[in-house]
Amino acid sequence: MKLRLESFGELRLIDPAGRPAAFPEKGLLSICYLLDRDLRDGAGSEYPRSALARFLWDSHDNSDIMANLRKTISRIQARQAELGTELLVFTATGVRVRPDAFVDDLSELVNPGGEGAVGKLRRLVAILRQDFLAGLADQSVSTRQWIAGQRDRHMAVLVDALKTALPMARSREDVSLIKEAALRIFREAPDDENIRRILLGAYESEGELEKARRLFETNKHGLESAFDIGLDVQALGEIRKIFAGGQPPQQSPAVPLNDGGVRVSGPLPRLVLLPPGGTEAAGALPMLSAALIEDVTIGLCALNTVSVVAPHTADRIARNADKAELIQRHSISYVLDTRLTDNAGVRALFVQLIHTGSDEVIWAERFSLEKYELISHRRDIARQIARELAGQVRRHEAMRDSFAGNSAAYHSYLLGLRDVKRLALPDVRRSRKAFREALQHSADFAPALSGLSRTFLVEWLLTARGDSELLGLAEDYANRAIVADPSFAAGFRELGVAKLYLGDLDESVLALKLAEELSPHYADGIASYADTLVHASRPADALAKIERAISLNPLSPTDYLWTAAGANFALGHYAEALEQIALMDDRTPADRLSAACWAMLGDMKNARIYMRKVREIYPDFDVDKWLSVVPFKEQWQKEQYREALRRAGF
């Protein structure tokens with residue numbers, strides 16, 4: 001058995017029998033200091049006596065501190081002789097520590113161990129329950145600075161361990177450990193929002209929210225946005241409960257502007273959660289689904305980044321024949337549309353978050369009511385919906401804040417977003433003008449850069465002239481969008497589409513895969529991924545992707561249906577392709593494909609009708625030229641199109 005040095009809490013030496021062993025305090029402090037240096041810089045290094053003296057004592061008189069050091073060394077050596085072991089080795093000019101002569105908690109702190117993430121966190125929490133050298137008195141300035149630095153490093157180690165352990169926390173014991181670790185960090189950093197949220201989740205999971213409230217009320221720092229959760233917290237599956245602890249601000253804060261003035265923030269955006277409609281489900285399912293959405297609504301009412309419409313008003317809006325008019329009248333910015341679906345007997349709750357200003361689906365998800373038994377999993381589904389809503393609204397509002405103080409620029413961006421979806425040349429060019437106007441006010445605004453890229457891509461598709469300059473511009477603006485915001489999925493989406501039509505299919509698939517990883521619910525990105533897979537001669541995979549995109553955005557835009565029709569055409573499902581085209585609001589862009597499908601079905605009358613429609617708009621359309629610029633990975637797809645278009649009369 002060896003002596004044990006304890007440095008967390010009271011600094012002391014423990015003998016093999018577990019009793020405190022007397023030792024000069026400056027000697028124990030020297031051991032800690034040198035041990036830390038060895039752990040960081042390599043064991044066995046000798047440290048100068050003069051440097052150790054300056055660390056231990058405050059004095060400008062070198063002779064005084066060296067005299068103090070000599071006296072301390074004498075006491076240390078005498079005590080080591082009594083103990084029969086040498087913890088510190090002194091030479092004529094230096095000193096070094098012998099870590100093999102004792103065990104210590106400081107080394108245990110950095111010991112990698114093999115206990116796994118939760119086990120490591122448990123070990124660190126046990127060691128760090130008390131501050132490093134908490135009971136040490138009579139410290140020099142150098143000593144105090146070193147101790148403060150050590151404590152900061154120890155907290156950083158604990159924070160890293162907590163982050164790593166969060167995804168692994170499963171049992172009630174694990175959640176208690178998470179709470180204890182977060183409380184320890186909170187003691188040092190009471191205004192750290194991530195730590196506050198971990199604590200809130202842990203207390204909630206143990207049914208002790210009132211304790212959390214009291215804990216935070218004792219601190220002068222107000223709880224800010226309780227929903228602004230970072231990735232560190234999202235990993236905690238067991239305790240990712242959204243806690244509405246924040247209070248709405250009493251007044252709009254003044255935001256400083258670059259010119260030295262201030263801007264008062266406008267009213268909070270409004271969110272309404274509509275109760276489920278859809279299938280006429282029997283039993284308790286509709287009632288429970290409606291109650292679930294009401295749970296989420298009530299839970300979000302304390303969110304201080306958005307104003308939530310009360311359930312009664314939401315129900316009235318859902319029942320009204322003119323929802324859009326009521327939504328506009330009540331200045332509602334976001335709508336969570338929910339409905340029950342029944343696909344081949346499999347019931348599900350479908351939710352989608354829509355930004356009313358741009359009619360954009362920001363997030364969508366389908367919760368299988370076969371997988372989630374609604375009575376027992378209602379709380380879990382509510383948590384997930386609440387977390388996603390809070391995060392999605394926050395991110396979307398952050399994007400809108402890029403135009404803070406310039407409503408004309410944001411208005412231009414929204415107009416561009418609206419027009420680019422119409423797939424007609426006048427609309428696309430009008431959209432381009434709007435995006436450029438937006439960029440005049442904010443040159444690195446990624447959504448507008450991405451929107452510009454899309455206008456060039458859509459024009460390239462609509463004109464079918466193989467204009468390489470349009471593709472080059474599309475690629476350039478997509479790259480600029482990625483540089484402006486590498487986390488913005490739409491930039492990768494547009495780059496993937498540009499790469500597709502430039503013939504670089506591998507790069508296209510990679511970019512669109514990244515877009516999907518960045519935003520798994522980004523329906524438009526998934527739809528573009530499906531389109532690329534069609535061209536990559538993987539029509540079956542493409543069909544699965546586009547069906548996923550349509551499930552996320554059931555009232556699908558024309559290009560989704562166009563991609564679905566293209567996938568079906570490549571699979572030889574010509575009638576199914578025509579069914580998809582028939583669902584389009586504007587079928588004109590798909591006239592070429594319609595002609596090809598009718599021709600392959602042997603209906604030459606309809607094939608000729610659509611061929612003439614194409615000729616009226618694009619009189620110089622040439623099959624071979626068009627196929628030379630439309631990329632297909634495998635030759636069979638080009639031949640399939642060529643045969644179909646020739647049969648149709650092109």
Is there a residue being small (Gly, Ala, Ser) and surrounded by 15 or more Cβ atoms within 10 Å (Cβ to Cβ) anywhere in segment 617-638?
no
Would you check which residues across segment 8-28 are farther than 15 Å from VAL103 by Cα and either within 46 Å of the chain's Cα centre (by Cα) or surrounded by 14 or more Cβ atoms within 10 Å (Cβ to Cβ) (or both) and list them?
GLY9, GLU10, PHE23, PRO24, GLU25, LYS26, GLY27
Could you check how many residues of segment 59-92 are outside any helix (DSSP H, G or I), at pLDDT below 90 and surrounded by 12 or more Cβ atoms within 10 Å (Cβ to Cβ)?
1
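Kindly indicate which of SER450, SER442 is hydroxyl-bearing (Ser, Thr, Tyr), under 22 Å from GLU397 (Cβ atoms) and modelled with pLDDT under 85. Step through it out loud before you land on a result.
Numbers: SER450 fails: modelled with pLDDT under 85.
Exactly one residue qualifies, and that residue is SER442.
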Exactly one condition in (1) surrounded by fewer than 17 Cβ atoms within 10 Å (Cβ to Cβ); (2) modelled with pLDDT of 80 or more; (3) within 30 Å of LEU69 (Cβ to Cβ) is not met by VAL141; state its number.
(2)
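Within segment 597-636, can you find the residues that are of a type in the set (Val, Ile, Thr) and within 26 Å of ASP504 (Cβ to Cβ)?
Taking segment 597-636 and keeping what is of a type in the set (Val, Ile, Thr), we get 609, 614, 617, 623, 629-630.
Correct list: VAL623, VAL629, VAL630.
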Which pairs turn up if I take residues in segment 8-35 that are assigned to a loop (DSSP other than H, G, I, E, B) and look for partners that are buried (at least 16 other Cβ atoms within 10 Å of the Cβ) and of a type in the set (Ser, Thr, Tyr) with beta carbon separation below 7 Å, at least 6 apart in sequence or on another chain?
PRO24/THR72
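Quick one: which residue in PHE632, PHE621 is closer than 15 Å to ALA596 by Cα and modelled with pLDDT under 90? Reasoning before the result, please.
On the way: PHE632 fails: closer than 15 Å to ALA596 by Cα.
On inspection, the qualifying residue turns out to be PHE621.
Residue-wise test of (1) at pLDDT below 90; (2) over 31 Å from the mean Cα position of the chain (by Cα); (3) part of a helix (DSSP H, G or I).
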site	(1), (2), (3)
SER551	yes, no, yes
ASP559	yes, no, yes
THR563	no, no, yes
ASN568	no, yes, yes
GLY572	no, yes, no
MET584	yes, yes, no
Restricting the first residue to segment 490-507 and requiring it to be outside the structural domain of LEU627 (by TED's automatic domain parsing), which pairs with a second residue that is not in a helix (DSSP H, G or I) meet a Cβ separation below 6 Å and a spacing of at least six or different chains?
GLY503/PRO631; LEU505/ALA536; LEU505/LYS633
Got a number for residues in segment 537-549 being at pLDDT below 90 and not in a helix (DSSP H, G or I)?
0
Taking only pairs six or more apart or across chains, which ones have beta-carbon atoms under 8 Å, a first residue in segment 473-486 that is β-branched (Val, Ile, Thr), and a second residue that is modelled with pLDDT of 90 or more?
ILE482/LEU495
Could you list, ordered by first residue, the pairs with Cβ atoms under 8 Å in which the first is in segment 549-561 and under 16 Å from LEU578 (Cα atoms) and the second is among the hydrophobic types (A, V, I, L, M, F, W, C) and modelled with pLDDT under 75, at least 6 apart or interchain?
THR558/LEU423; ASP559/LEU423
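The values are calculated or read from the model by the stated rules, or taken from the named source; none is laboratory data. From a predicted model like this one, the values you see are computed outputs, not experimental measurements. Because the Cβ atoms are built from the backbone with ideal geometry, glycine has one as well, and the counts that use them run over all protein chains shown.
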